[in-house]
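The values are calculated or read from the model by the stated rules, or taken from the named source; none is laboratory data. None of these values were measured; they are calculated from a predicted model. Reconstructed Cβ throughout: ideal geometry from the backbone, glycine too, with neighbour counts over all protein chains shown. Remember, those area values only see protein heavy atoms, side chains included, never the ligands or the DNA or RNA. Shrake-Rupley method; radii C 1.70, N 1.55, O 1.52, S 1.80 Å.
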Amino acid sequence: MQSWIDIDSQNLIHNYSSFKAISPGAFIAPVVKSNAYGHGLKQVYTALKSCDVPWYCVNYLSEAQKLRELGFSGRIMVVAPE
């Protein structure tokens, strides 16, 4: 049995924007660890690029490096010990 999930990039943007709207001044950082939970770090980052996300959380330094390779210049929090 195979399974998959379809993620609409506009819904992802809507969800991020909604969290920002209901939490003014809060620290909002999408967690894209483990290849964005298997949904594709590149795909999720690309979808959220228009939101000017200031922070991302990753699990490993290699994921932080991937974000840099994709052009992200903001802050990155590595949440797991290396």
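Would you pick out the residues in the stretch 1-53 that are among the basic types (Lys, Arg) and out of contact with any strand residue (DSSP E or B) (no Cβ under 6 Å at 6 or more places or on another chain)?
Those that are among the basic types (Lys, Arg) and out of contact with any strand residue (DSSP E or B) (no Cβ under 6 Å at 6 or more places or on another chain): Lys20, Lys42, Lys49.
Quick check, is Tyr56 touching a strand residue (DSSP E or B) at 6+ places or on another chain (Cβ under 6 Å) and aromatic (Phe, Trp, Tyr)?
When the stated conditions are applied, Tyr56 passes them.
Keeping to the stretch 36-66, report how many residues are under 17 Å from Pro81 (Cα atoms) and either β-branched (Val, Ile, Thr) or part of a helix (DSSP H, G or I) (or both).
The number of residues fulfilling the criteria is 6.
Using beta carbons and a limit of 7 Å, which pairs, at least six apart or on different chains, have the first residue in the stretch 1-21 and assigned to a helix (DSSP H, G or I) and the second one open to solvent by 80 Å² or more (accessible area, probe 1.4 Å)?
Listed pairs, sorted by first residue: Ile13/Ser50.
Out of the stretch 22-35, which residues are among the polar types (S, T, N, Q) and either outside any loop (DSSP other than H, G, I, E, B) or surrounded by 14 or more Cβ atoms within 10 Å (Cβ to Cβ) (or both)?
Ser34, Asn35
Write out, first by first residue and then by second, each pair whose Cβ atoms fall under 8 Å of each other, whose residues are 6+ apart or on separate chains, and whose first residue, in the stretch 31-44, is under 10 Å from Val58 (Cα atoms) while the second is small (Gly, Ala, Ser).
Matching pairs, first to second residue: Lys33/Ala80.
If we keep just the residues of the stretch 47-82 that are of a type in the set (Ser, Thr, Tyr) and modelled with pLDDT of 95 or more, which is surrounded by the fewest Cβ atoms within 10 Å (Cβ to Cβ)?
In this case the residue turns out to be Ser73.
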